[in-house]
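S.K.: Got a structure for you, questions after.
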Amino acid sequence: MEAAYVLNITEMAVRKQAYSDVIEYRYAAGKGRQGKVLQISLESLPPAAQMRYHSIQDKQTSENAEDYLSSYTGKQREAAQKKCEIVRLYQSSGKSAQKFVDDYNASDCKTSISVNQLYEWQKKLNSGGLSALVDTRGTHSKGSSSIPEEAWDLFCSLYLTHQKRKVSQCYSLVKVQYPDIPSERTFDRRVKSEFTELVNIRYRGTQEQFVNTFPYHTRDLSGLESNERWSSDHHTCDVMVLNKQGKAVALTLTVIVDVRSTKVLSYRFRDAPGDTSVIKMCLRDAMLKYGIPLEFYTDNGKDYKSKELSNDDESGLSLTEVLGIKQVFAQPHHGQSKPVERFFESFENELGKWFKSYRGPSPDRRTDETRMTNEKLAQKTYVPTMDEYIAKAAEYIEYYNSGRTHTGLNMNNQTPDKVYLDNLHHIRQVDDAVIKLLCGRIAVRTVQRNGVSFDSTFYNNADGALLPYYKQKVIVIRDPEDLFEMIVLDKETKQYICKVQRKELSAFSKITEEDIKTTKREIRTLRTYTNSFKPRALSHSELMALITKKHLLERDFAEEYKQRQAEIGSDIISNPVIDAVTTATKDNRTAKTTQATNVIAEAPVDEDNENFFAKYYNSNKEDIS
């Protein structure tokens, strides 16, 4: 093999030259035919071949030779040697390339070549030798790798990361640390042979991609009844449509599906992302028609974890709590755990792909008809309107439920409608009015002077039923499809208070006569309500009698307090320090006391003022009592 490489001929040609005594050879024990290996004498080779042999011993320039000698399979080397033989025959024939190819194809019925192939092989052979002629497509390297393990470990640390670095980038850094490593092609082959798809996803993909490779339970639904568990999710449709404003958009589809039968119980299309409001509207439609489920199975989105659906709602009127529905959340990032995902897949495959405006699930999979800006797409005649698309979708969902048999587990080649009815043994129901109430928009609001505010709009009651709740919190419930009216409940007792209507805004510079009349009516209602609490007015004599009685009671208490103080005994503390201080300050205190007594003695006594309350009390004693 080595002699064939340095001579640029095939291994068979080397054997022929040896057996013809053109070159010297010998047999030695080893892995070969009959346990022998054919060894060629280096001195018997032409000088050019000897020089080439010595040059490839230098590791700095032996990458291609090492790859060829140690990394390629026998079939790969045989094919490369065949190409080399054809090139040498052409070079020694003296014929033109076209003439040589025609003669060669006529003489060899097994293989045929073209002029372009001949030129390409000749170019590769002259630039890279036999290793350049090796075809590595669809094959694997043989034997163990020639890459040092420490170099391979460093390469793996650089390559198996979420940055998805190329082999060439990682190899260039490893080459700095380990200059004697094999060629980049050797690393590339080992990468392809060792790193399977799962390894690449685990270390070079996202966490969601890796989780989606996990095995999952195949659930037996035979023990589940209809209406026992419902599932719901949002889906951005893959078909572009024209909305009411004439813009090209993708609608959002929200569905409620019965898990046992896969029957679509209700659905809504919207030109907006899915939210809690549309979920409750779908639930209302399904519960009014099919009853109340035991469990509600959803993903972990914030709209499904909203307080309006869970038990944490401030109003205490959460849908699941009042109706006794257990909310179950699917495993995050695991599409197989949500049965509704299967419907979305069928919906796009069996309906969406028939529209010319189908754009695919991601931008890189857009069709030619949709590979343009939404502004340009809106001008195309093949883009359906919202109403046209929704009508076709309704037909498909009806067909999905009643006309399409399913071959999935526990479906027994029956339609969802049939499976639903066969497994429906019990229906939980409540009054329709309760369902409509709980599926509305529920919020806690404070009553203000203009009523209650909801979505920056005021609602009020013309009869003044909200007036007793001014500055208090109440529960308001609004039907998303009726923005004119709301229901108001007492926050503590949950009792019905009234219905409130939307207050229309008046133009800033133009107030109509009706606006003025409405405001006056509201003011009259407010006055009537507050007037009902108007107190009786006290006369002057009644007020003075109350003040006098209060004054006399306070004076009696003061005299009683002084008398009580006089009755309390006391002990005087005496010691040399206290006696010394008392003697030093005695004269000063005596002088100040005498001066104050004189001032008080000189002040005139107003006997009339002193005896006013006593005289008034005596004359009005009966009234005051």
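The values are calculated or read from the model by the stated rules, or taken from the named source; none is laboratory data. Please read these numbers as outputs of a predicted model, since none were measured by experiment. Neighbour counts run over all protein chains shown; Cβ positions are idealised from the backbone, glycine included.
S.K.: If I ask for residues that are out of contact with any Ser or Thr (no Cβ under 8 Å at 6 or more places or on another chain), outside any loop (DSSP other than H, G, I, E, B) and free of Cβ contacts under 8 Å to residues at least 24 places away in the same chain, which ones from the range 105-133 would you list?
M.R.: ALA106, SER107, VAL115, ASN116, GLN117, TYR119, GLU120, LYS123, LYS124, ASN126, SER127
S.K.: A further question follows. When the residues of the range 476-488 are narrowed to those that are outside any loop (DSSP other than H, G, I, E, B) and touching a residue at least 40 places away in the same chain (Cβ under 8 Å), which ends up nearest to the chain's Cα centre (by Cα)?
M.R.: Step one: filter the range 476-488 for residues outside any loop (DSSP other than H, G, I, E, B), giving 476-478, 485-488.
From what's left, touching a residue at least 40 places away in the same chain (Cβ under 8 Å): 477, 487.
Working: ILE477: 29, ILE487: 34 Å.
Per the stated criteria, the residue is ILE477.
S.K.: If ASP455 meets every condition in (1) under 30 Å from PHE347 (Cα atoms); (2) not assigned by TED's automatic domain parsing to the domain that holds TRP354 apart from one, which number is that one?
M.R.: (1)
S.K.: Only residues that are outside any helix (DSSP H, G or I) and surrounded by 13 or more Cβ atoms within 10 Å (Cβ to Cβ): list them for the range 165-183, please.
M.R.: Across the range 165-183, the qualifying residues are ARG165, TYR178, ILE181, PRO182, SER183.
S.K.: State whether the residues of the range 71-83 include one that is modelled with pLDDT under 75 and in contact with a helix residue (DSSP H, G or I) (Cβ under 9 Å, 6 or more places away or on another chain). Even if it seems obvious, please write down each step before you answer.
M.R.: Within the range 71-83, the subset modelled with pLDDT under 75 is 71-74.
From what's left, in contact with a helix residue (DSSP H, G or I) (Cβ under 9 Å, 6 or more places away or on another chain): 71-72.
So far as the range 71-83 goes, yes, one or more of its residues are modelled with pLDDT under 75 and in contact with a helix residue (DSSP H, G or I) (Cβ under 9 Å, 6 or more places away or on another chain).
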